[in-house]
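The values are calculated or read from the model by the stated rules, or taken from the named source; none is laboratory data. Just so you know, these numbers come straight off a predicted model, no measurement behind them. Don't worry about glycine lacking a Cβ; one is built from the backbone with ideal geometry, like all the others, and counts go over all protein chains shown. Areas reflect the complete protein model, heavy atoms only, side chains present, ligands, DNA and RNA absent. Shrake-Rupley method; radii C 1.70, N 1.55, O 1.52, S 1.80 Å.
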Amino acid sequence: VEEAVRELEEYLMRKEAKARVVVSGHGDYRYVDVISMKAGKLGATQWVREKVGNKESVEFKVEDTICCGDSGNDIAMMQGNEKCVIVGNSQKELVDWYERQNEDEKGNRILYAKRNQADGILEALETFGFLQEL
């Protein structure tokens, strides 16, 4: 997969395509997405926050948002300013990305949950003060 991704990225650069390649999955199930630079989960998160805030006549702030992920295709979303949770059973690509982040980001903005799946999201909601202890 890595060689195919490298070739695809080189091809996109030669064509001056405004796109990025995202790899996710593990084992026999690996996925390669080619995404427009203007598209993606972070942009969608920002768009929803803006639209919901305008519709409800309230300010939907970055600090009122948590991005949740479990695989490499969530990395771009987590590179914004929103708080993030990487659930405990996340795939290697996302965990490796987390390990490369600075300690301030890890301590204040990005949580690597001890718990898996939805329990990891609940852990983040508790940790970031969105919920009272359950």
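Laid out as a table, the results:
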{"quantity": "Per-residue ³J(HN,Hα) for segment 93-105, Karplus 6.51 cos²θ - 1.76 cosθ + 1.60, θ = phi - 60°, Hz, x for Gly and Pro", "calculated": "4, 6, 5, 4, 4, 4, 4, 7, 7, 6, 4, 5, 4"}
{"quantity": "Summed residue charge, Cβ within 15 Å of residue 40's Cβ, Lys/Arg positive, Asp/Glu negative", "calculated": "+2"}
{"quantity": "Options [x] 11.7; [y] 9.7; [z] 8.1 - which one matches mean projected area of the Cα convex hull in nm² as calculated here", "calculated": "[y]"}
{"quantity": "Amide N proximity, segment 45-86 versus residue 100 label position 7 Å along Cα-to-Cβ, cut-off under 12 Å", "calculated": "75-76"}
{"quantity": "Potential lengthening between residue 128 and residue 58 on full extension [0.36 nm per residue; Cα-Cα distance subtracted]", "calculated": "23.1 nm"}
{"quantity": "Amide proton proximity set for residue 88, modelled H, under 5 Å, gap of 5+", "calculated": "113, 115, 116, 117, 120"}
{"quantity": "Sparse-neighbourhood loop sites, GluC sites (Glu not before Pro) in segment 17-92 - DSSP loop, at most 14 other Cβ within 10 angstrom", "calculated": "56, 59"}
{"quantity": "Angle between the chain longest axis and helix 41-55 axis [Cα atoms, degrees, rounded to 10]", "calculated": "40"}
{"quantity": "Accessible area, probe 1.4 Å, largest first, for residues 57, 36", "calculated": "57, 36"}
{"quantity": "Fraction of antiparallel bridges per DSSP, the chain only, in percent to nearest 5", "calculated": "55"}
{"quantity": "Value of relative contact order over the chain, rounded to a whole percent, pairs C-alpha under 8 Å and six or more apart", "calculated": "17"}
{"quantity": "Charge tally in the Cβ shell below 12 Å around residue 94, where Lys, Arg are +1 and Asp, Glu are -1, residue 94 excluded", "calculated": "-3"}
